[in-house]
Amino acid sequence: MKNSVIADCMVMDLPKIRTRNGDITSINNAVDVDFFVKRVYYLYDVPSMADRGAHAHKLLNQLIVAATGSFCIELFDGVDRVKLTLNRPDQGLLIRPGIWRDINEFSGGGICLVLASHEYDESDYIRDYKNFLAWKSR
Ligand code: TYD
């Protein structure tokens, strides 16, 4: 999984059902995402100056959605970087394992919804940037 590169990550359009009283997006296990979702979590009440993320995962696949508001995500695969803004609840960013991410510039009320392929496991994190670079180049 450490061989993933930024090209393996993608912004996906999610299904959107329009009703007269508002829209609905549903994300189905192993249908709208290519992994089984074992955990859902969300970041909220994030100060606009906060820096979130700053880690990579060894095995975890994630789909990240700006459920409300917006935030920026910078991805780094050890060689290439890309900075994206997520601001649509009907789009998701698929992040593969082995990708460093920094998440910041939250708008007021911004909610970062995350669908994850595994339960929380601190041993799946690489939080030290130098360790990440060493792990990628191994
Ligand atoms: P972390 O994943 O580092 O947050 P972010 O990438 O959004 O900045 O997690 C922050 C803290 O929350 C850390 O102590 C681990 C804990 N945590 C859990 O206990 N369970 C979870 O599912 C997640 C995502 C985090």
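Every condition in (1) buried (at least 18 other Cβ atoms within 10 Å of the Cβ); (2) among the charged types (D, E, K, R); (3) out of contact with any strand residue (DSSP E or B) (no Cβ under 7 Å at 6 or more places or on another chain) holds for Asp80 except the one numbered (1).
Yes/no per residue for (1) under 16 Å from Met1 (Cβ atoms); (2) touching a Lys or Arg at 6+ places or on another chain (Cβ under 6 Å); (3) at pLDDT 95 or above; (4) away from the ligand (no atom under 14 Å from the Cβ):
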| position | (1), (2), (3), (4) |
| --- | --- |
| Ile27 | no, no, yes, yes |
| Tyr41 | no, no, yes, no |
| Lys83 | no, no, yes, yes |
| Asn87 | no, no, yes, yes |
| Gly98 | yes, yes, yes, yes |
| Arg101 | yes, no, yes, no |
| Tyr120 | no, no, yes, no |
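Arg101 meets each of the listed conditions (1) in contact with a Ser or Thr (Cβ under 8 Å, 6 or more places away or on another chain); (2) charged (D, E, K, R); (3) part of a strand (DSSP E or B) apart from (1).
Picking from residues in the stretch 109-138 that are small (Gly, Ala, Ser) and open to solvent by 30 Å² or more (accessible area, probe 1.4 Å), the one that is nearest to Val33 (Cα to Cα) is Ser123.
Suppose the filter is open to solvent by less than 10 Å² (accessible area, probe 1.4 Å), aromatic (Phe, Trp, Tyr) and in contact (Cβ under 8 Å) with a residue 60 or more places away in the chain; does Phe106 pass it? Before you say what the answer is, go through the steps one by one.
On the way: open to solvent by less than 10 Å² (accessible area, probe 1.4 Å): yes; aromatic (Phe, Trp, Tyr): yes; in contact (Cβ under 8 Å) with a residue 60 or more places away in the chain: yes.
So Phe106 fits the description; yes.
When the stretch 46-71 is filtered for residues that are more than 11 Å from the ligand (Cβ to nearest atom) and either touching a His at 6+ places or on another chain (Cβ under 7 Å) or open to solvent by 10 Å² or more (accessible area, probe 1.4 Å) (or both), the ones remaining, listed by number, are Pro47, Ser48, Met49, Lys58, Leu59, Asn61, Ala67, Thr68, Gly69, Ser70. Residues in the stretch 13-42 that are surrounded by 12 or more Cβ atoms within 10 Å (Cβ to Cβ), over 11 Å from Asp90 (Cα atoms) and aliphatic (A, V, I, L, M): Val33, Val37.
Can you name the residue in the stretch 104-138 that is in contact with a His (Cβ under 7 Å, 6 or more places away or on another chain) and part of a strand (DSSP E or B) and is also nearest to Ile64 (Cα to Cα) among such residues? For the stretch 104-138, the residue satisfying everything is Tyr125.
The values are calculated or read from the model by the stated rules, or taken from the named source; none is laboratory data. On a predicted model such as this, the values are computed, not experimentally measured, just so you know. All Cβ positions, glycine included, derive from the backbone under ideal geometry; neighbour counts span all protein chains shown. For the accessible areas, the whole protein counts, side chains as well, though only heavy atoms, and no ligand, DNA or RNA atoms are used. Shrake-Rupley method; radii C 1.70, N 1.55, O 1.52, S 1.80 Å.
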